[in-house]
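Enquirer: Could you have a look at this structure, given as structure tokens, before my questions?
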There are 2 protein chains.
Amino acid sequence: MSKLYVRGFSLSLDGFGAGPDQSVENPLGVNGIELHRWALATQAFHEMQGKDGGETGIDDDFVRRGFENMGAWILGRNMFGPVRGPWPDESWKGWWGDNPPYHVPVYVLTHHARSPLVMDGGTTFHFVTDGIESALRLAKDAAHGKDVRLGGGAATIREYLSARLIDEMHLAMAPVFLGKGESLFAGLDLPALGYACTDRVSTPAATHLIVTKQAN
Amino acid sequence: MSKLYVRGFSLSLDGFGAGPDQSVENPLGVNGIELHRWALATQAFHEMQGKDGGETGIDDDFVRRGFENMGAWILGRNMFGPVRGPWPDESWKGWWGDNPPYHVPVYVLTHHARSPLVMDGGTTFHFVTDGIESALRLAKDAAHGKDVRLGGGAATIREYLSARLIDEMHLAMAPVFLGKGESLFAGLDLPALGYACTDRVSTPAATHLIVTKQAN
């Protein structure tokens, strides 16, 4: 059965999934890049950028696993771009250039309707205006039995957690403090929602946590 | 020169240093005991309880190091006991019985004056009513060149961090979520205060973090 996974979501020791003040210059918020060093150094990430080199091992394995058997993605709007409010035009096409790294249908949560956006390499961005459950239904249909990956950001993951719709998360806690930004955990009672940390492995670059929804 | 250290302060993945609703039955708050499993299992903790057995290794080393060269301690009042407001009488003498594990002068922060309390084994509890800087001054004087350990709880550590008075912290992040309780980081911008994670080592029971105040 198709599952909803969070994979490779980076956060700081103080629980921030992105820095503050996202902008075109700072897609991850101020200092947000610090959270992602563990992934940027991997061979898998180098390959996605069409580059040689990069490190193999546990961090690399986690990045690769995050793309296995994914039939569709869901993204919060801020993860798709810095535009807020109604779309002024069709010019913003995501942070990733003409050939985004998804290669499957991607459902973008927004309050503002927009036509689907067909990109190179198999990625199509669909804009969903009727909520997280609708986006999940559409994504699972499109995935044809494969799994669905929820990319982020923090606010979107918090919504799906609150609704107990996420089956499992892989979080990568970088050994840095951000001090401010988008908190993943604030006000969220994960044990009460039925989530527990079920596995954990540390590398020099990150502590990888597996957080699993427990049976009712 | 005498330094102010936090040592072996346990917290959850979601940043709580204790569970909610501290009471005589739950000195660490509800489920707070889950944060301390890494320490309870060690040989050092067994020894403190006059028991044989317990695990050696990294976790044990951290517990032992937390007692090395400490000439005085500082505790928040809630770490000393569950009594709130004016002391009704002198009957509460801490959570630890007649022979507490400190064996040096301990400065307890409170708004309510009380006479010093001499315990067995070298521990004397002094009650300080004029603030955190006064407590630190008294503790450093009493330490005679040795270091001072700030025991907690979370609120007290937050006060000392905000004043940049802590030189270094060892935090032990247990692989559990609490969901609610006493947050160590909420609203605290550690990088802005000049603190950074400078070392990190993981065991099956905890991720040990060293957090150091950077030079100005």
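The values are calculated or read from the model by the stated rules, or taken from the named source; none is laboratory data. Keep in mind it's a predicted model, so treat the numbers as computed, not measured. Here the Cβ positions follow ideal geometry from the backbone for every residue, glycine too, while neighbour counts run over all protein chains shown. Just so you know, the surface numbers come from the protein's heavy atoms only, side chains and all, with ligands and any DNA or RNA stripped out. Shrake-Rupley method; radii C 1.70, N 1.55, O 1.52, S 1.80 Å.
Enquirer: Leaving out ligands and nucleic acids, note down the accessible area per residue over the range B:1-159 with a 1.4 angstrom probe, in whole Å².
Expert: Counting only protein heavy atoms, the per-residue value for the range B:1-159 is 47 Å².
Enquirer: What's the local net charge at A:ASP167, with K and R +1, D and E -1, over the other residues with C-beta under 10 Å away?
Expert: For residues surrounding A:ASP167, the net value is +1.
Enquirer: Counting only DSSP beta bridges with both residues in chain A, tell me the antiparallel percent, nearest 5.
Expert: Antiparallel: roughly 45 percent of the beta bridges in chain A.
Enquirer: For the rotation taking B to A, I'd like to know which residue in chain B has the C-beta closest to the axis, plus that distance in Å.
Expert: B:SER202, 2
Enquirer: Only counting protein heavy atoms at a 1.4 Å probe, give the residues of the range A:1-42, ordered by number, whose accessible area falls by 40 Å² or more when the other protein chains are present relative to the chain alone.
Expert: Correct list: A:LEU13.
Enquirer: Grab the DSSP H runs of the protein assembly as shown that are 4 residues or longer, score each as -39,500 (n - 2.57), total them, divide by all residues and round the 222 nm result to the nearest 500 deg cm²/dmol.
Expert: Computed ellipticity for the protein assembly as shown at 222 nm equals -5500 deg cm²/dmol.
Enquirer: A further question on this structure: Taking the C-alpha atoms of the range A:108-216, how large are the radius of gyration and the largest Cα-Cα span, Dmax, in Å?
Expert: Just the Cα atoms of the range A:108-216 yield Rg and Dmax of 15.9, 43 Å.
Enquirer: Turning to a different aspect of this structure: Using θ = phi - 60° and the Karplus relation 6.51 cos²θ - 1.76 cosθ + 1.60, list the HN-Hα couplings for the range A:72-89 in order, rounded to whole Hz, with x at every Gly or Pro.
Expert: Those phi angles translate into 6, 10, 10, 10, x, 5, 5, 6, 7, x, x, 5, 10, x, x, 5, x, 6 Hz.
Enquirer: Follow-up. Between the label point of B:VAL24 and that of the same position in each other copy, find the distances and list them shortest first in nm, with every label point placed 7 Å from Cα along the Cα-to-C-beta direction.
Expert: The projected label point of B:VAL24 is separated from its counterparts by 6.6 nm.
Enquirer: Lys and Arg at +1, Asp and Glu at -1: add these up for the other residues within a Cβ distance under 14 Å of B:GLY19 and post the number. Intermediate results must be reported in sequence, preceding the final value.
Expert: Numbers: positive: B:ARG37, B:LYS180; negative: A:ASP189, B:ASP14, B:ASP21, B:GLU25, B:GLU34, B:GLU182.
The answer is -4.
Enquirer: As a test of the definition: with a 1.4 Å probe, what buried accessible area, both sides summed, do you compute for B against A, in Å² to the nearest 100?
Expert: 1800
Enquirer: Another question about this same structure. What list of ³J(HN,Hα) values in whole Hz, one per residue of the range A:175-192 in order, does the Karplus curve 6.51 cos²θ - 1.76 cosθ + 1.60 (θ = phi - 60°) give from phi, with Gly and Pro shown as x?
Expert: x, 9, 9, 9, x, 7, x, 9, 6, 7, 9, 3, x, 9, 9, 4, x, 5
Enquirer: Which pairs in the list B:LYS51/B:LYS146; A:LYS93/A:LYS213; A:LYS3/B:LYS180; A:LYS93/B:LYS180; A:LYS51/A:LYS93; A:LYS51/A:LYS180 are over 30 Å apart, alpha-carbon to alpha-carbon?
Expert: Beyond 30 Å between Cα atoms: A:LYS93/A:LYS213; A:LYS93/B:LYS180; A:LYS51/A:LYS180.
Enquirer: Would you please state which residues of the range A:1-39 a label at A:THR198 would reach in this model, taking the label point 7 Å out along Cα→Cβ and a backbone N cut-off of under 18 Å?
Expert: Answer for the range A:1-39: A:1-9.
Enquirer: A follow-up question, please. With a 1.4 Å probe and every protein chain kept in, tell me what percent of the accessible surface of the range B:1-150 is carbon plus sulfur.
Expert: About 50 percent, which is the carbon plus sulfur part of the accessible surface.
Enquirer: Can you pull out the trypsin sites (Lys or Arg not before Pro) in the range A:31-140 whose DSSP state is coil and whose Cβ has at most 13 other Cβ atoms within 10 Å?
Expert: Hits after loop and neighbour filter: A:LYS51, A:ARG84.
Enquirer: Can you list residues from other chains, or at least 5 along the same chain, whose modelled amide H is less than 5 Å from the amide H of B:TRP73?
Expert: Sorted by chain and number, the residues that satisfy this are B:VAL106, B:TYR107, B:ARG149.
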